[in-house]
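One structure is given here, and the rest of the page talks about it.
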Amino acid sequence: MKTEISRRRFLQGSAAFTVVAVSGAATALIEKKKHDEVASFGLRKTQWSDKLEEVPTLCEMCVNKCAAIARVEDGVITKLNPNPLFPKSRNMLCARGNAGIQALEDPDRLKYPLIRVGKRGEGKFKRVTWDEAYEYIKDKMVKILDEEKDNRSTIGFCAGEGMAEHTYVSFMKDKIGSSNFVNHSTICLTTTIAGYSLTLGGYGQADLENAEYVIMAGANRAEAIVTPDTMDMFKRTKGRGAKLVVIDPRFTNTASHADKWLPIEVGTDLAFVLALTHVAISEELYNKRFTQENMSDFEDYKKHILDKGYTPEWAEKITGIKAKEIREVARDFMAHAPRSIYYQGRRTAWSFQDFQVRRAQAIFTAMGGGIDQKGGIIFGKKLPLGKHEISSPTYFNAQGRIEKNKAAVIGTSGSWIAWRNTIIDGTAPYPVRAFFAYKQNPMLSVPNTTKTRQMLETMDLVVVIDTMPSDTVMMADVVLPESHYLEREDPVKTFGGSEPSIALRKKVVDAKYDTKPVIEIMRGLGEKLSKPLFEISKKYDEELQELIEDEGGEEAVYKQEGYDLADGFRHSQETINHHMVASVYGEETWKTLREKGIFYPDMDKYFKQKSVNNYQYYPEHKKSYSVIKGDLEVEPYHDTCVDTKEMSVLKKEFRTATSKIACALYNLEKKKGVDAMPTWRDELYTPTPQGRFRFITGRHGQFTQSGTANNALLLDLMGDNYLWLNKRVAQERGIKFGDKVEVKSSIGAIQIKAYPTEKIGPNVVFFIHGFGAESSELTLAHHRGANDNMIIEDHYEKSFGSAAMHETIVDIRRV
C-alpha cells in the first residue's frame, strides 16, 4: 500500500494424520484409514465428511510466512499442510504452523468488541456492538484533539509484525496524522537493519544454502526459527561441505550442530569482530581487489584497526575467547571467502555497542568479497506489484516525535523504550493522551513491564486490536477483535530473494465470531471519525482554513485532500489484491495465484519435484544471487568454469552514500556524534560483578513471543520456561532441577523453576521469552512461567534507540 502525499511431532501433509479442530482447550490427533484421494495435493477425506476442499493460504504464526494448504471439511479446518509451490518455505510447515488451527479454535479468543467497565487493568469489560465501540473512540478522540488544538501526534500507536501491519500503520500515520509510531523493530532488529543498510546499502539475506563458512553469533537457528535454510545449513556442517562457528554464552542446539563453539562474555561481540578484522588486515588475508573496487575509506579503516591495537590478545582479555581461536577463525573465514558469512542476526537488541557490532560484521564479510555473491550475503530480486494509493491529509498542527532527541537517529519507527519513558518521566514536549496497539503486547514485549503499565495508566484512551485477551488488552478501554488469519484475506505480498515469488493469504473459513479483518476495522473507524475530526482541524488549522477559502469550499477540500479517512479502505482486500496483481501480470496470473497461492514467472515450467520433499523452483542459472549493477551487464559466474573469487571482485554500485561499501560514516559522526568506524568503547561495557549474573533472553521455535502463550498444542510440546544457570553455581547455592528460584534485578523480581546445566557460563543466566502472562482471561497462559521483561532493565543504545536487553545484572536465590 503506497501513500500519496497531497513432544508430539507435527507431520507433513503426506502423513496419514488429521488434526481435528474442536472448541476445547486441546486438539486431538486421530489417525485415519486411507480414503479416496481428492484434489491435487493428495489430501484424504475423513469418514464423516461429505464435502472436502483445499484452500491455499499463508501462515501467520511467525515472521517467516510459510505457505500452507488448508484442508476444509464441511466448513471446518481439519489440517494444515505445507504448500510445496512456495520457494521460501519449500514444502515445510513447522510445529507452530500446524498449531494455527488451535489458535483459530482457542476458546479464549476475543469474540466481540468490548468496552471497559472496571478499573484499567482489572479486566472487566462489557460486550458492545462495533458501532458502539467506534462511537466511544470518536467521543474520546474529539475531546482529546479539541483540547490539544488538533495536534494529531497526541495519539500514539504501535504495531506488531504481520501482513496487515502496513494497512493499520497507513491509517494511523497517514490518515489520522500522528508521528508517534513505535514499531516492534526497536525491541528486535533495528541495529542490524541500520548497521547493514548504512554499510552495504541493505540488510540482505544470508545464502546459507551455498555458504562454505558461517559465523553465527547469538542466533539460535536450530531452535528459535526452524526454516528450510536453517535445515540446509545443518545438513552440511560437521565435515559435510560447510563449516559453522557458533559464538554464544550458551551451548545451544545450534552450537551442537556446529563445527566449533566459542563461548563468549556477554556484550563483547564487537571486540571479537574487531580482532578478526585485525588478523585479516595484518596478515593480508582479505580480498584486495574487492576492497579496492568496492569499499570506500578502506585504507582509513585498516589504519584505524591497526592503530587501535585490536589484536586477538587484546580481545581475549575482554571476550574470554583464546587469541589462538580468534586467529584460526579469521584465517578459515577468509580462506573460504567469498562464500563466507558473518550471519547478520535478527533480534539483535543486545548491548550498548550493538550498532557498531553489526557494522563490523558487515565490513568483515565484505573484506572477503562475500557481498552480492552466491554463498555470501545476497540481495536478490523482488517481483513488483501494482499500487494502491492513499491520499494523505496535511495536518499543520501535528508536532514531531516526542523522543526525537533521545538518541542520535530516531527514525519514523521510533524508540520504544525512549518513547515510553519520555511520557512517564514528564519530559515530553506535549502530552500523548491516546494509545492504539495492533497485534503487539507491549506489557510482555517491552523491557520494564512496570513502566509500560505506568505509561498506559496515563492515557485518556487505550484501544487494542488483537485476537487474544493479552495483558495489554487488559489495560484497554476499547477492545476491537481482529479475525484470525485463517478467517481473512490479507494484502498480497511479494517475497524477495534469489528465488522471488508472490504469495497470497486467502480467507479459508468464515469468521466464527463478531470479528473483523483490520482493513474493515480501519474502514469503520474512518467512517465514524472523518467528519468530527475534520471539524476539529477546521477549528484550529489556519492553513486548512485558507485552503478551504482558496479551493472552493470545505466539501471539495474534504474529498480532494484526503480528509475522508475511510477512502483508502472502502474496497475489499480481495479487490485491492486483484488490482495489485492483475495490473502488472494480467488476469491469468491472478487466477493462478488464487488457485495455487503462489506465483512466479515460468512457475509451470520451472517447478519440479526432484526427490522426496526436494523441489526445484528456479533453474540455477535463473536464481538472483548477484543483482547489483557493475562493470558487466551479464554475470556469468553460474558457469562452473568461472572462479567465484574472481567474480566477487567485479566493481559494483551499492546503494550507499558513496555507492560503495561504507567503511567510514563520516557524516554520521559529524552530524550525530556516532563513531564513523566501529570502535570499542570501554565505557559502554561493564564486566559482570563477581557473584552476580548477566541476564540474557531469547525465543524458542515453538513460541512466537507471547502470541502463542495460550496455544494448547504448543504448550504440550513445551509447557513452561526454565532458568538456565551453570550447574556448578547451582550446586554451590543448593539449587536443584525444578527448584523455584528468585531472579532479581534493579527493577523487579520473578520466580521461575531452575534448570542447572553445564551448557551456560558461570556468570550468565537465561530463560525463554513469551511466558508469564498476567491476564486471567488466558486460561492456559495465566501465571505460566516467568515474564523476562519484569526484570530486564530499560536500557537502550544511543545510536538508534534500540533496546539493550542483555545489559541487565541480576541476583538469584533459591526460594
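The values are calculated or read from the model by the stated rules, or taken from the named source; none is laboratory data. Bear in mind the structure is a predicted one, so any value in this text is a computation, not a measurement. Cβ sites come from the backbone with ideal geometry, for glycine too, and all protein chains shown count toward neighbours. Only protein heavy atoms, including side chains, enter the accessible area calculation; ligands, DNA and RNA are left aside. Shrake-Rupley method; radii C 1.70, N 1.55, O 1.52, S 1.80 Å.
From the coordinates of this entry, Cα extents along the principal axes in Å is computed, and it appears in (i) 106, 58, 49; (ii) 71, 68, 66; (iii) 83, 64, 62 under the label (ii). Rounded to the nearest 0.05, the FRET efficiency derived from the C-beta distance between LYS382 and LYS671 at R0 = 41 Å is 0.85. Per-residue ellipticity at 222 nm, computed for the chain from helices alone with -39500 (n - 2.57) per DSSP H run of at least four residues, works out to -8000 deg cm²/dmol.
Heavy atoms only, probe 1.4 Å: what % of the accessible area of the chain goes to carbon and sulfur, would you let me know? Working shown, then result.
Values: 15100 of 31650 Å².
Carbon and sulfur: 48 percent of the exposed surface of the chain.
Among the GluC sites (Glu not before Pro) found in region 735-796, those both in a DSSP coil and sparsely packed, with 15 or fewer other Cβ atoms within 10 Å of their Cβ, are GLU758.
Given the pairs LYS727/LYS753; LYS175/LYS538; LYS88/LYS260; LYS138/LYS531, which span a C-alpha to C-alpha distance of over 20 angstrom in this model? Exceeds cut-off: LYS88/LYS260.
Which chymotrypsin sites (Phe, Trp or Tyr not before Pro) from region 322-357 combine a DSSP loop assignment with at most 12 other Cβ atoms within 10 Å? Nothing satisfies the criteria.
Once you charge only the Cβ atoms, +1 for Lys and Arg and -1 for Asp and Glu, what is the size of the charge dipole of the chain about its Cα centre, to the nearest 20 debye?
Values: 113 positive and 111 negative charges, 584 e Å.
Computed charge dipole of the chain: roughly 2800 debye.
For the chain, the share of DSSP beta bridges that are antiparallel, to the nearest 5, is 55%. Take the Cβ-Cβ distance between GLU595 and ARG240 as r, set R0 to 45 Å, and report the resulting FRET efficiency rounded to the nearest 0.05. For GLU595 and ARG240, the calculated efficiency is 0.70. In the chain, a dipole from Cβ-located charges (positive for Lys and Arg, negative for Asp and Glu) runs towards its positive end, and of ASN614, ASN789, SER89 it is ASN614 whose Cα lies farthest in that direction.
Given 0.36 nm per residue, what is the gain on full extension from THR412 to LYS744 after removing their alpha carbon distance, in nm? Show your work: numbers first, answer last.
Details: separation 332, 0.36 × 332 = 119.52 nm, distance 3.43 nm.
Length difference between fully extended and current span is 116.1 nm.
Computed from backbone phi with θ = phi - 60° and the Karplus coefficients 6.51, -1.76 and 1.60, the 3J(HN,Hα) list for region 351-362 is 9, 5, 10, 5, 4, 6, 4, 5, 4, 5, 4, 4 Hz; x is used for glycine and proline.
Approximating the spin labels as points 7 Å out from Cα along Cα→Cβ, the ALA657-to-THR575 distance works out to 4.6 nm.
Here each label is just a point 7 Å from Cα along the line to Cβ, and for GLU122 and ASP74 those points are 4.4 nm apart. Per residue, the chain exposes 39 Å² of solvent-accessible protein surface, assessed with a 1.4 angstrom probe and all protein chains in place.
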